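Have a look at the structure below before the remarks.
A short reminder: the numbers here are calculations on the coordinates, not readings from a lab. Computed from a predicted structure; not experimentally measured. A quick note on method: Cβ atoms are made from the backbone with ideal geometry, for glycine too, and the neighbour counts reach across all protein chains shown.
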Amino acid sequence: MVERHAARACVQVPSMSTKQVSPHVIRHSTATHLLRAGVDINTVRAWLGHVSLTTTNIYAETDLETKTRALATCAPPTAEGMATKHWRQQPDLMAFLHGL
């Protein structure tokens, strides 16, 4: 059924003739679009029927557009936030590290 509809779509969108269309591709595309739309990854996991989030994370890791948007929302570091002393010369940091 997917092959039949893909063949019909190629008539209107000739560039589709070079693409592989399968139920898995549709499933993967849908999951990626849901994540891009901001749907929680746990919801996508449940929709896909995955037992583990590790499996669903594959969809999140492959989406460079979402990664780019996330990085764009991060503020660049300011001079005030930058450490001026070497890390070994920061007593609070050293105390924290010794406490680990």
Worksheet, complete the sentence: The condition of being touching a Ser or Thr at 6+ places or on another chain (Cβ under 7 Å), on the phi < 0 side of the Ramachandran plot and of a type outside the set (A, V, I, L, M, F, W, C) holds, among Arg8, Arg4, Arg45, Arg88, only for Arg45
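Considering only region 1-28, state which residues are part of a helix (DSSP H, G or I), loosely packed, with under 12 Cβ neighbours inside 10 Å and under 23 Å from the mean Cα position of the chain (by Cα).
Within region 1-28, the subset part of a helix (DSSP H, G or I) is 2-12, 14-18, 23-28.
Among the residues that remain, those that are also loosely packed, with under 12 Cβ neighbours inside 10 Å are: 3-5, 8, 11-12, 14-15, 17-18, 23-24.
The answer is Pro23, His24.
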